[in-house]
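Chemist: This structure is in structure tokens; I'll ask about it shortly.
Bear in mind that the values in this text are calculations on the coordinates, not laboratory data. Note that the structure is a prediction, hence the values are computed from the model and not measured. No Cβ is skipped: glycine too gets one built from the backbone with ideal geometry, and neighbour counts run over all protein chains shown.
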Number of protein chains: 2
Amino acid sequence: MRLNRIGIVGLGLIGGSIGLDLQNLDYEVYGLVNHEKNLVKARVRKLAQVISTDPKILCECSLIILALPISQLLDPHSNLIEALPTKAVVTDVASVKSPIIDVWRELHPKFVASHPMAGTIDKGVEAGRNELFINRPWVATPEETTDPEALRTVHDLAVELGSHWITTDPKTHDQAVALISHLPLFTSAALLQTLCKEKNETLLSLAKKMASTGFADTTRVGGGNPDLGISIASNNSSALLEAIKLYRLSIENLETLIHKKQWTKLHQELKENQLIRDEFL
Amino acid sequence: MRLNRIGIVGLGLIGGSIGLDLQNLDYEVYGLVNHEKNLVKARVRKLAQVISTDPKILCECSLIILALPISQLLDPHSNLIEALPTKAVVTDVASVKSPIIDVWRELHPKFVASHPMAGTIDKGVEAGRNELFINRPWVATPEETTDPEALRTVHDLAVELGSHWITTDPKTHDQAVALISHLPLFTSAALLQTLCKEKNETLLSLAKKMASTGFADTTRVGGGNPDLGISIASNNSSALLEAIKLYRLSIENLETLIHKKQWTKLHQELKENQLIRDEFL
């Protein structure tokens, strides 16, 4: 096993970005991709030093990052599982943790569930870019059975990539990520759906011309990759539905305040919003 | 009257930004502010060549931009009204048009209702910046009685500042702006309210650490100036309430699809969202 050799499975936005940064940090990066087409593009973009479609390239890696979509992490290829060295530390980058842990706890003795909170609208082998993780949170959800040395290795990786390290339990993680990431995706999606359902063409045509930065910002996550949305909705359903329920009460409350012209109360809530947003960012 | 002299009433984000750009375009800019404190700051920032708290400075201006909050536009100071030369063209920058027109149609013969679609979270005399209006829409809502020469003057101003010129009727304008600007503000506000109402402190504390770019983008407009929110809610109530009603149906529909695990239908709607967002931006 080579201490300096890191494997990345999947060279999309997260995997590709990790690959670029790790090469700058003088690691040997071995990247595994699923198709010949991606192989060529990933090589052109130099996302790793060695890039292949053969899982065997992972055999000497001391750390392997599974930068795969949630669906593939929940139902991993047997070829991939067999290719993971028992001595290697293995981590993932999925934004939902409980279902991942339920699968991977049995599959590998040195698995550490973790993921960086970083994303853009881009995806695929074209998306990876340098320094994506600087000053971003990187969350791990170790269990009692998690190997402490393996956890330390993933910690060191996150810190080397410039992230803030956070640990928590999987359930609290999935609830928190539902509130600050998955709920915003679906409230943003509902905003775009409202426009899809508007029938007045004159109004829509004008609205299209007038849409500006506020609209762009609030709809960015709701207009993203549908596969990611489905993956989140299907793998973090209960926390997400709980968050949507709370959200519905909030929008109904604002609607009532506007309807009843309760401007003092509305002002108070908008003021609270300013304060809580500052606490969050 | 000096053809090259433009008056700006209020040197906040919009007024101050117009002042900076117009000076670069070699206009004489006369800025009116409400307090001595703002006068000093606006002079330091050179938001206009002449800055005063006395409305009389507007007497020779050929074009006057009322860059005031909606509440002040709806209930303007008599000193200000008296100081507006009858021959000058007067426009505003309010994001709601019908109530403004109802007031100003009687107050000035050369009033043109218009506004740029541009904003940041900043406000006050510190907020103005160069080139805020480049490639942004600038919408006017002329009526049959609007002076065509005055409309042309405001058109030329918008184009000189780098904006795209759009005209429409006030009602359609207010509905469109409700959909793409006022609704996003309140859906974003509801997101922050959901967090304000969360009681689990461990969860909130983790959520705060994990909040990333998606959260920042979706909550930007909802965490802005409460006065602006109240102004929008109270002056565009009916279009906004109509938009919120449509939005509630959209979020309830998404909730049902997730609850019933109708992933094919959900995927289809998220795909629609990608397409409509591209059409809007």
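Chemist: Taking amide H positions as placed 1.01 Å from N in the peptide plane, with prolines and chain starts having none, which residues 5 or more places from B:F111, or on another chain, fall under 5 Å of its amide H?
Modeler: Residues meeting the criterion, in which the H sits 1.01 Å from N, are B:V90.
Chemist: Go from 0 up to the bin containing the longest alpha carbon distance in the stretch A:1-72, width 5 Å each, and give me the % of pairs per bin.
Modeler: 3, 19, 33, 27, 14, 4, 0
Chemist: For the charge dipole of chain B, defined by +1 on Lys and Arg C-beta atoms and -1 on Asp and Glu C-beta atoms about the Cα centroid, which residue among B:A113, B:S250, B:V50 has the Cα displaced farthest towards the positive pole?
Modeler: Checked the options; the winner is B:S250.
Chemist: Put a label point 7 Å from Cα along the Cβ direction on A:L275, then list its distances to the equivalent points in the other copies in nm, shortest first.
Modeler: Values, ascending and in nm: 4.6.
Chemist: Which lysines does B:K209 reach when only Cα atoms under 21 Å apart count, and residues fewer than 8 places away in its own chain are ignored?
Modeler: Cα-Cα hits under 21 Å: A:K97, A:K171, B:K197, B:K199.
Chemist: Could I ask something else about it? In whole Hz, with x marking every Gly and Pro, tabulate ³J(HN,Hα) for the stretch B:204-214 from phi via Karplus 6.51 cos²θ - 1.76 cosθ + 1.60, θ = phi - 60°.
Modeler: 4, 5, 5, 4, 4, 6, 8, 4, 10, 4, x
Chemist: Another one. Please give the average number of partner chain Cβ atoms lying within 10 Å of the Cβ of each residue in A:250-263, rounded to a whole number.
Modeler: Details: counts 11, 11, 3, 3, 10, 8, 0, 2, 12, 5, 0, 3, 1, 6.
Mean number of neighbouring Cβ atoms from other chains: 5.
Chemist: Please build a GNM for chain B, connecting alpha carbons under 10 Å apart, and tell me which residue among B:T168, B:T218, B:T256 fluctuates the most.
Modeler: B:T256
Chemist: Using a 10 Å cut-off on Cβ to Cβ distances, tally the other chain neighbours for every residue of B:241-248 and report the average as a whole number.
Modeler: That works out to 5 on average.
Chemist: Here is a follow-up. Could you point to the residue in B:F186, B:G229, B:T219 farthest towards the positive end of the stretch B:123-229's charge dipole, with +1 and -1 charges on the Cβ of Lys/Arg and Asp/Glu respectively?
Modeler: Final value for the positive-end residue is B:T219.
Chemist: Moving to a separate point now. Below 15 angstrom from the Cβ of A:R248, what's the summed charge of the other residues (Lys, Arg +1; Asp, Glu -1)?
Modeler: Values: positive: A:K245, B:K197, B:K245, B:R248; negative: A:E242, A:E252, A:E255, B:E198, B:E252, B:E255.
Residues close to A:R248 contribute a combined charge of -2.
Chemist: Can you compute 3J(HN,Hα) from phi for each residue in the stretch B:51-58, using the Karplus curve 6.51 cos²θ - 1.76 cosθ + 1.60 with θ = phi - 60°, rounded to whole Hz and x for Gly and Pro?
Modeler: Along the stretch B:51-58, the couplings run 10, 8, 9, 9, x, 4, 4, 7 Hz.
Chemist: Counting each DSSP H run of 4 or more residues in chain B as -39500 (n - 2.57), what helix-only mean residue ellipticity at 222 nm follows after dividing by all residues, to the nearest 500 deg cm²/dmol? Working shown, then result.
Modeler: Numbers: 13 runs with 146 residues, N = 281.
Counting only the DSSP helices, I get -16000 deg cm²/dmol.
Chemist: Moving on. For Cα pairs less than 8 Å apart in space and 6+ apart in sequence, what is the mean separation divided by the residue count of chain A, i.e. the relative contact order in percent? Don't skip to the end; give the middle numbers.
Modeler: Values: 431 pairs, mean separation 43.0, N = 281.
Once divided by the residue count of chain A, the mean separation gives 15 percent.
Chemist: Additional query: Looking at the stretch B:177-281, which trypsin sites (Lys or Arg not before Pro) are DSSP coil and have at most 16 other C-beta atoms within 10 Å of their C-beta? Let's see the in-between values first.
Modeler: On the way: sites: B:K197, B:K199, B:K208, B:K209, B:R220, B:K245, B:R248, B:K260, B:K261, B:K265, B:K271, B:R277; in loops: B:K199, B:R220, B:K260, B:K261.
Sparse-neighbourhood loop trypsin sites (Lys or Arg not before Pro): B:K199, B:K260, B:K261.
Chemist: So what's the gap between the Cα centers of the stretch B:73-104 and the stretch A:65-85, to the nearest angstrom?
Modeler: Spelled out, the Cα-based centre of one part sits 65 Å from the other.
Chemist: Residues with amide H under 5 Å of B:K97's amide H, sequence separation 5 or more or different chain, H placed in the peptide plane at 1.01 Å from N; which?
Modeler: B:D174
Chemist: Report, in whole Å, the centroid distance computed from the Cα atoms of the stretch B:1-23 and the stretch B:112-177.
Modeler: Spelled out, the Cα-based centre of one part sits 14 Å from the other.
Chemist: Between copies, how close do the B:K245 label points come, placed 7 Å along Cα→Cβ, listed in nm from shortest?
Modeler: Its label point is 2.8 nm from the equivalent points in the other copies.
Chemist: Counting only DSSP beta bridges with both residues in the protein assembly as shown, what percent are antiparallel, rounded to the nearest 5? Mind dumping the intermediate values first?
Modeler: Working: 6 of 52 bridges.
The antiparallel fraction comes to roughly 10 percent.
Chemist: For the protein assembly as shown, with only Lys/Arg (+1) and Asp/Glu (-1) charged at the beta-carbon, what is the dipole magnitude about the Cα centre, in debye rounded to 20? Numbers along the way, then the final one.
Modeler: Details: 58 positive and 66 negative charges, 1 e Å.
In debye, rounded to 20, the protein assembly as shown gives about 0.
Chemist: If you add up the charges near A:T86, with Lys and Arg at +1 and Asp and Glu at -1, over every other residue whose beta carbon is less than 14 angstrom from its beta carbon, what do you get? Don't skip to the end; give the middle numbers.
Modeler: Numbers: positive: A:K87, A:K110; negative: A:E60, A:E82, A:E106, A:D147, A:E149.
Result for the neighbourhood of A:T86: -3.
Chemist: Right, here's the next one. Toward the positive end of the charge dipole of chain B, about the Cα centre and with charges on Cβ (Lys, Arg +1; Asp, Glu -1), which of B:V40, B:T146, B:S71 goes farthest?
Modeler: Among B:V40, B:T146, B:S71, the one farthest towards the positive end of the dipole of chain B is B:V40.
Chemist: Please compute, for peptide B:224-231, the average count of beta-carbon atoms on other protein chains lying within 10 Å of each residue's beta-carbon. Working shown, then result.
Modeler: On the way: counts 5, 3, 10, 3, 1, 10, 6, 1.
Taking all residues of B:224-231 together, the mean is 5.
Chemist: State whether the stretch B:191-230 is rounded, prolate or oblate according to the following rule on the C-alpha gyration tensor (a ≥ b ≥ c being the square roots of its eigenvalues): a/c under 1.5 gives rounded; otherwise a/b larger than b/c gives prolate, and the remaining case gives oblate. Before the final figure, lay out each step's value.
Modeler: Numbers: a/c = 3.46, a/b = 1.56, b/c = 2.22.
The shape class here is oblate.
Chemist: Additional query: For chain B, set up a Gaussian network in which alpha carbons nearer than 10 Å are linked by springs, and say which option among B:N225, B:N79, B:N253 fluctuates the most.
Modeler: B:N253
Chemist: In the Gaussian network model of chain A, springs joining C-alpha atoms below 10 Å, which of A:G214, A:G162, A:G31 carries the largest mean-square fluctuation?
Modeler: A:G214
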